[in-house]
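The block underneath contains the structure these notes are about, expressed in structure tokens.
No value in this document is a laboratory result; all are computed from the given coordinates. In this text, all values refer to a predicted model and were calculated from it rather than measured experimentally. In this analysis, Cβ positions are derived from the backbone assuming ideal geometry, glycine residues included, and neighbour counts consider all displayed protein chains.
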Amino acid sequence: MTLTVRVISPDKTVWDAVAEEVVLPSTTGQVGILSGHAPLLTALDTGVMRVRASKNQDWQAIALLGGFAEVDQDEVTILVNSAERGDKINLEEARTAFNTAQTRLNQVAAGDRQAQIQATQAYKRARARFQAAGGLV
């Protein structure tokens, strides 16, 4: 049995295909979804979603930047603020952005709460894109 998986952002549909397995970055940890999964509604964190169309195919990575996922009757609908397929991300640009975000996060003053939040969010976005592109296993 298969799942119908849709990843929808405000400006485009990033993924719309059948899959055997899906792993989502929920706010409480990784959630694996297989056919026959119980109904579920979960908040998604910034991270990498992995989807495999069939057992003999490789996993596809998609960087998700927060949102929600609903699982119901072998349909997985993912509504996100932004998403990008890993095979569409330039690895070297993602590596550079990740290193820059990591450096900025390490340099933020301890007392500047707003700057810490912004640097943390930028770091999580850069890390997700870099992982989806094939860096940081």
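Data table
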item: Total charge dipole magnitude, the chain, about the Cα centre, Cβ charges on Lys, Arg, Asp, Glu only, Debye to nearest 20; result: 520
item: Normalised alpha carbon radius of gyration of region 89-133 [divisor 2.2 N^0.38 Å]; result: 1.17
item: Counting DSSP beta bridges with both ends in the chain, the antiparallel % (nearest 5); result: 90
item: Nonlocal amide H pairs with Asp45, under 5 Å, H built at 1.01 Å; result: Ser26, Thr27
item: Amide H partners (placed H, <5 Å) of Glu21, local residues excluded; result: Arg52
item: Inter-part distance where region 28-64 and region 7-24 are each reduced to a Cα centre, Å; result: 9
item: Karplus-derived 3J(HN,Hα), 6.51/-1.76/1.60, for each residue of region 45-61, Hz, glycine and proline x; result: 8, 5, x, 10, 8, 10, 9, 10, 5, 8, 4, 9, 10, 6, 6, 9, 10
item: Under the Karplus curve 6.51 cos²θ - 1.76 cosθ + 1.60, θ = phi - 60°, whole-Hz ³J(HN,Hα) for region 82-88, x wherever Gly or Pro sits; result: 7, 8, 8, 5, x, 6, 9
item: Helix-derived mean residue ellipticity, 222 nm - over the chain, DSSP H n ≥ 4, -39500 (n - 2.57), to 500; result: -9500 deg cm²/dmol
item: Rh by Kirkwood over Cα pairs, then Stokes-Einstein D for the chain at 0.692 mPa s and 37 °C, µm²/s; result: 212
item: ³J(HN,Hα) computed for each position of region 14-29 - Karplus, 6.51 cos²θ - 1.76 cosθ + 1.60, integer Hz, glycine/proline x; result: 7, 8, 8, 7, 8, 8, 8, 9, 9, 10, 10, x, 6, 5, 10, x
item: Radius 10 Å from Cβ of Phe98, net charge of other residues (Lys, Arg +1; Asp, Glu -1); result: +3
item: On Cα atoms only, tilt of 91-107 relative to the major axis of the chain in degrees; result: 50
item: The chain: angle of helix 113-133 to the longest principal axis, Cα-based, in degrees nearest 10; result: 50
